[in-house]
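Okay, structure first, notes after.
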Amino acid sequence: EPPDLPHDFSCQTRDMKKIMCTWSQGGDTYLYGQHSTKYTLFEEFAQKLIPCTVNCSKQCSCSWDINQQRVYNITLTVENSLGKKTATDAFDVTHRIHPSAPELFGHCSDTKIVLYWKHRSKGIKLFCQTEVLHPDGKAELHNSSSTHLQYASITVGALQPYTRYTLRARCGAARHFWRWGEWSKAQTFRTEEASPSGKLDIWREITPVLGGRNVTLFWKLTPSFQANGRSISYEITWEKVGEDSKPEHISISSVYNSTRIFIDNDPYKINVVAKNNVNYSLPSVMIIPGATGNSSTENELSISDLKEDQVIGADNGIFLSWEPRDTYDGYIVDWCNFPELQPCDLQWKRFGPHNSSALISSASFVPGVRYNFRIYGSVANTVSLLEKKTGYLKELPPTLDPPVKKIHLTFHAVTLSWDSYPTTASQPGFIRGYHVYVSPVQEDCSLKESKKHVLPDGSVLCKYTIENPEEKRYTVKHLMPNTKYKLVVKAYTGGGETPIANFIYIETPFDSSTVYLLGLLVIVPSVVAALCHWKMRW
């Protein structure tokens, strides 16, 4: 086949010493030996062949030394025994500078990297561009503000301490810029350590004990906190408020985010800081008010004195609202992710003074578990318990039926009781009330004052509703004597109730007065009729 037209034919220089021309090789001609493709480069202005050797792999190239000539008009001829094709490139070599990749070195401070580089294109004025790759994958480009011949530098600032950054550089001709040169080999630098920035978010749980209180302290990193160092630890200091007492102090490893200390019933000030090899972070401060006699009566701890409001969950969390107070500069909501375990994984979230509601979300929330929330007001590093809430992400039906006992049975009524049935947090939903279902064993039910309830098999039960969850006794009336009945009591929540599966059975007693009355109604008229009949015959 004849050769393809050479595409992407272009010439350039890296150092104003040599010119190199490149082009795409084209498809296979299937000609070999003396019939294979030949390449020649001809300079039109000088009217002479270019003395260079063509090398082809992925693409073809040919280079030669620059003489005094600056403007060229090169014709490339690609030829075999079946044909030939040509391509041309006319250029001023000073406008075709494509610098080699520079060599990098540099040094760091805590927030800056000073990057130096050296390039091989001596005598050519260049300006360069630096790429800074951040740990999050974001890349920034910085252009040097001045031109230079062989050595250059740039200062990259506003960096995070003790953080790895990857940098590389490339250069282009400052005069007659044509295209960027090749990127240098990337180098990674780590900035120096600095003091931790930001503050820790701290919280506490107070438990009264003999002679004082156990305070479990918790801390977590805020979004603005940066460790800024190789290793970090936590320093906790506590001292009595208003007294010239010696502070107590402990140091906690970075692998922990909580600790427990003991304090007496006096008010205390607690400081928590993060520490690295350079210095400390700003302190996070908490004031624990004193206990007034019995610690359980302290405002901080008297959670049993507050009414606990029920809240309803949604698909993505549990919604809370509280009454705003002007006296506080913020609010804190705390809860346990696993209320049935110890430790319960205590969590907390802070809100500004203008917030009065929140949607609390957690990947740990599951349907059928009751979560308890405490809402605190915060002012001057002191918190006060304001409200309590309790609720479910989603209520489920009760898993167990109330254990029903028959406590009184008459000819026409039965009284049922389930006093031992719990309505506490162990239930998978708030117990809203109960349904009592009853029916004669042999037929459908149609008792007075009841509603009909049809089972999947088509049988009909009588249904009575008790809307008070603490009312655990009910009397079913209007029964027939000497009759077998089946009964069941179902508790229901906001998630409904489980299907009816198991009944209890009763039999109303035989009513002898009914038989006596029946006798009076049947026997007496029969005797009277017989006497009348006898008298008539007589």
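Tabulated values for the structure
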item	result
Where a residue in region 417-443 is closer than 19 Å to ILE407 by Cα and its partner, wherever it lies, is open to solvent by 20 Å² or more (accessible area, probe 1.4 Å) and of a type in the set (Asp, Glu), with Cβ under 7 Å and at least six apart	HIS435/GLU497
Positions within region 390-401 being open to solvent by 10 Å² or more (accessible area, probe 1.4 Å) and touching a strand residue (DSSP E or B) at 6+ places or on another chain (Cβ under 9 Å), in sequence order	LEU393, LYS394, GLU395, LEU396, PRO397, LEU400, ASP401
Selection from region 489-508 of residues that are open to solvent by less than 30 Å² (accessible area, probe 1.4 Å) and under 17 Å from GLN442 (Cβ atoms)	ILE506, THR508
Count - residues of region 229-247 that are within 30 Å of VAL278 (Cβ to Cβ), surrounded by fewer than 14 Cβ atoms within 10 Å (Cβ to Cβ) and not hydroxyl-bearing (Ser, Thr, Tyr)	3
Long-range neighbours under 8 Å by Cβ, at least six apart or interchain, first residue without any contact (Cβ under 8 Å) to a residue 40 or more places away in the chain within region 70-97, second of a type in the set (Gly, Ala, Ser) and surrounded by fewer than 15 Cβ atoms within 10 Å (Cβ to Cβ)	VAL71/ALA90; ASN73/ALA90
Residues of region 318-352 that turn out to be small (Gly, Ala, Ser) and in a strand (DSSP E or B), as a count	2
Residue check for LYS484: open to solvent by 30 Å² or more (accessible area, probe 1.4 Å) and not assigned by the TED database to the domain that holds GLY317	yes
Conditions (1) in a strand (DSSP E or B); (2) touching a helix residue (DSSP H, G or I) at 6+ places or on another chain (Cβ under 9 Å); (3) open to solvent by less than 20 Å² (accessible area, probe 1.4 Å): number failed by ILE74	(2)
Residue within region 117-126 that is closer than 14 Å to GLU103 by Cα, charged (D, E, K, R) and touching a strand residue (DSSP E or B) at 6+ places or on another chain (Cβ under 9 Å) present	yes
Wholly within region 208-293, strands (runs of 3 or more DSSP E) carrying at least 1 residues that are free of Cβ contacts under 8 Å to residues at least 40 places away in the same chain and within 28 Å of the chain's Cα centre (by Cα)	212-221, 248-253
Top-ranked residue of region 304-317 - restricted to ones that are surrounded by 13 or more Cβ atoms within 10 Å (Cβ to Cβ) and either among the basic types (Lys, Arg) or not in a loop (DSSP other than H, G, I, E, B) (or both), ranked as modelled with the lowest pLDDT	ILE312
Selection count where residues are more than 29 Å from the chain's Cα centre (by Cα) and open to solvent by 60 Å² or more (accessible area, probe 1.4 Å), scope region 189-207	3
Scan of region 443-457 for residues that are in a loop (DSSP other than H, G, I, E, B) and farther than 19 Å from ASN502 by Cβ, ordered by number	GLU443, ASP444, SER446, LEU447, LYS448, GLU449, SER450
Qualifying residue in region 359-378 (condition: open to solvent by 60 Å² or more (accessible area, probe 1.4 Å), assigned to a loop (DSSP other than H, G, I, E, B) and farther than 20 Å from PHE338 by Cβ)	no
Hits in region 142-155 - residues which are in contact with a Ser or Thr (Cβ under 7 Å, 6 or more places away or on another chain) and not small (Gly, Ala, Ser)	HIS142, ILE154
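The values are calculated or read from the model by the stated rules, or taken from the named source; none is laboratory data. Every value quoted in this text rests on a predicted model; they were computed, and no experiment measured them. Cβ coordinates were reconstructed from backbone atoms using ideal geometry, including for glycine residues, and neighbour counts include every protein chain displayed. The area values use the complete protein model at the heavy-atom level, side chains included, leaving out ligands, DNA and RNA. Shrake-Rupley method; radii C 1.70, N 1.55, O 1.52, S 1.80 Å.
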